[in-house]
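Working notes, beginning with the structure itself.
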Amino acid sequence: MKNKRKGFGAELVAFPQHGVYYTNSVPYLKEAAQMDIDFIGGVDPFSIDGQIEKTMDFTVQLALDHHKGIDIHLHESGESGLKTVEYLIDKVNENPVLKGKTFLSHCFVLGKIDKIKQEEVAEKFGAAQIGIVSTIPFGGLIMPIPTLYKYNVTVMTGNDSIVDHWNTFGTGSVLQKANLMAQLYGYSSEFLLSRSLKLATAGLLPLDDKGIQQWPKIGDKADFVLVNASCSAEAVSRVSDIRSLVHNGELVY
């Protein structure tokens, strides 16, 4: 990997694949938390561990004790899923240091609750600065991404791996994910297509909603991709070819 280390960055998550208590992962998570990782992970506390509060309290406290972020993979879409979401929101509000450092991956319950509840939860996410890392879409489930954007929730997407083992479709390109999102939600105008790009860039856009340049600026980290497109809207709508990649000032491709 030495010849590639200047070409990419990574954030590491200590992830209890089979729960915190179901397979007694507590000592391993405590050990990992002392290492050079970025996030304490979690997965479906009710369906795997059979308890929400104990598992979430441990996860949150471990993150606080070691100054880490939190990344909970939440597939549960019923009552337990909603309770987990609301419990995490409360814990982050109790510990504001976790704001901007806490994420829910998948969070399928958002696609199952009614519109009014979606709005309520999205508003709470925005206030608590809890982000969503979402698949676009998953099976027949369509996530309320426009509602999340309405309340300034950070929304990101990705793949299970470069070749996504959970999804038959796609190439691993987050630009392709942005294109699919634009199609799903009818973001067909030039303006809305340009806004869709933020799904592929973790929220960063060259121009704000009023057309004022906000990136790049002197002093910004030199991470960028050059594509064969006349504008952001074209890059999304045509899934434009990538011509060059610079990471941390290093020409990678």
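The values are calculated or read from the model by the stated rules, or taken from the named source; none is laboratory data. In this text the structure is predicted, and so the values were computed from the model without any measurement. Here Cβ is always computed from backbone atoms with ideal geometry, including for glycine, and neighbour counts include all displayed protein chains. Surface accessibility is based on the protein's heavy atoms, side chains included, excluding ligands, DNA and RNA. Shrake-Rupley method; radii C 1.70, N 1.55, O 1.52, S 1.80 Å.
What number of residues within the range 87-100 satisfy the criterion of being surrounded by fewer than 19 Cβ atoms within 10 Å (Cβ to Cβ) and in contact (Cβ under 8 Å) with a residue 12 or more places away in the chain?
Step one: list which residues in the range 87-100 are surrounded by fewer than 19 Cβ atoms within 10 Å (Cβ to Cβ), which gives 87, 89-90, 93-97, 99-100.
With in contact (Cβ under 8 Å) with a residue 12 or more places away in the chain added as a condition, the list becomes 87, 89, 93, 95, 97, 99-100.
Within the range 87-100, residues that are surrounded by fewer than 19 Cβ atoms within 10 Å (Cβ to Cβ) and in contact (Cβ under 8 Å) with a residue 12 or more places away in the chain number 7.
Conditions tested, residue by residue: (1) in contact with a Leu (Cβ under 7 Å, 6 or more places away or on another chain); (2) surrounded by fewer than 18 Cβ atoms within 10 Å (Cβ to Cβ); (3) of a type in the set (A, V, I, L, M, F, W, C).
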{"residue": "HIS106", "(1), (2), (3)": "yes, no, no"}
{"residue": "ALA127", "(1), (2), (3)": "no, yes, yes"}
{"residue": "LEU141", "(1), (2), (3)": "no, yes, yes"}
{"residue": "TYR149", "(1), (2), (3)": "no, no, no"}
{"residue": "THR157", "(1), (2), (3)": "yes, no, no"}
{"residue": "TRP166", "(1), (2), (3)": "no, yes, yes"}
{"residue": "LYS177", "(1), (2), (3)": "yes, no, no"}
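Would you please list the contacts, defined by Cβ atoms under 7 Å and residues six or more apart or on different chains, that run from a residue in the range 190-210 that is within 11 Å of ALA235 (Cβ to Cβ) to a residue that is surrounded by fewer than 21 Cβ atoms within 10 Å (Cβ to Cβ)?
Partner pairs satisfying both residue conditions: LEU193/SER237; SER194/CYS231; LEU197/LEU205; ALA200/VAL174; PRO206/GLN213; PRO206/TRP215.
Between residues in the range 36-65 that are at positive phi and residues that are open to solvent by 40 Å² or more (accessible area, probe 1.4 Å) and of a type outside the set (Gly, Ala, Ser), which pairs lie under 9 Å by C-beta distance while being six or more apart or on different chains?
Pairs that qualify, where the first residue is at positive phi and the partner is open to solvent by 40 Å² or more (accessible area, probe 1.4 Å) and of a type outside the set (Gly, Ala, Ser), are ASP44/HIS73; ASP44/HIS75; GLY50/TYR21; GLY50/TYR22.
Note down all Cβ pairs under 8 Å where the first residue falls in the range 1-24 and is aromatic (Phe, Trp, Tyr), the second is open to solvent by 90 Å² or more (accessible area, probe 1.4 Å), and they're at least six residues apart or on different chains.
Hits for this filter: TYR21/LYS54.
Only residues that are free of Cβ contacts under 8 Å to residues at least 60 places away in the same chain and either under 16 Å from PHE15 (Cβ atoms) or of a type in the set (Ser, Thr, Tyr) (or both): list them for the range 66-76, please. Write out each step before concluding.
Within the range 66-76, the first condition is being free of Cβ contacts under 8 Å to residues at least 60 places away in the same chain, and the residues that meet it are 66-70, 72-76.
Residues satisfying the conditions are HIS66, LYS68, GLY69, ILE70, ILE72, HIS73, LEU74, HIS75.
Can you tell me which residue is nearest to the chain's Cα centre (by Cα) among those in the range 1-45 that are of a type in the set (S, T, N, Q) and part of a loop (DSSP other than H, G, I, E, B)?
So in the range 1-45, the residues of a type in the set (S, T, N, Q) come out as 3, 17, 23-25, 34.
Imposing the further condition that a residue be part of a loop (DSSP other than H, G, I, E, B) reduces the set to 17, 23-25, 34.
Working: GLN17: 18, THR23: 26, ASN24: 27, SER25: 24, GLN34: 24 Å.
Top of the filtered list is GLN17.
Residue under question is LEU192, and the condition is that it be modelled with pLDDT of 95 or more and within 17 Å of the chain's Cα centre (by Cα); does it hold?
Working: modelled with pLDDT of 95 or more: yes; within 17 Å of the chain's Cα centre (by Cα): no.
Here the answer is no, as LEU192 does not meet what is asked.
Among the residues of the range 46-81, what is the count of those that are part of a strand (DSSP E or B), closer than 15 Å to CYS107 by Cα and open to solvent by less than 10 Å² (accessible area, probe 1.4 Å)? Break it down stepwise before answering.
Taking the range 46-81 as the starting set, the residues that turn out to be part of a strand (DSSP E or B) are 69-74.
Still in the list and also closer than 15 Å to CYS107 by Cα: 70-74.
Restricting the remaining residues to those that are open to solvent by less than 10 Å² (accessible area, probe 1.4 Å) gives 70, 72, 74.
Result for the range 46-81: 3.
Have a look at GLY172, GLY186 and point out the one that is within 22 Å of the chain's Cα centre (by Cα) and free of Cβ contacts under 8 Å to residues at least 12 places away in the same chain. Break it down stepwise before answering.
Working: GLY172 fails: free of Cβ contacts under 8 Å to residues at least 12 places away in the same chain.
Sole residue among the options that is within 22 Å of the chain's Cα centre (by Cα) and free of Cβ contacts under 8 Å to residues at least 12 places away in the same chain: GLY186.
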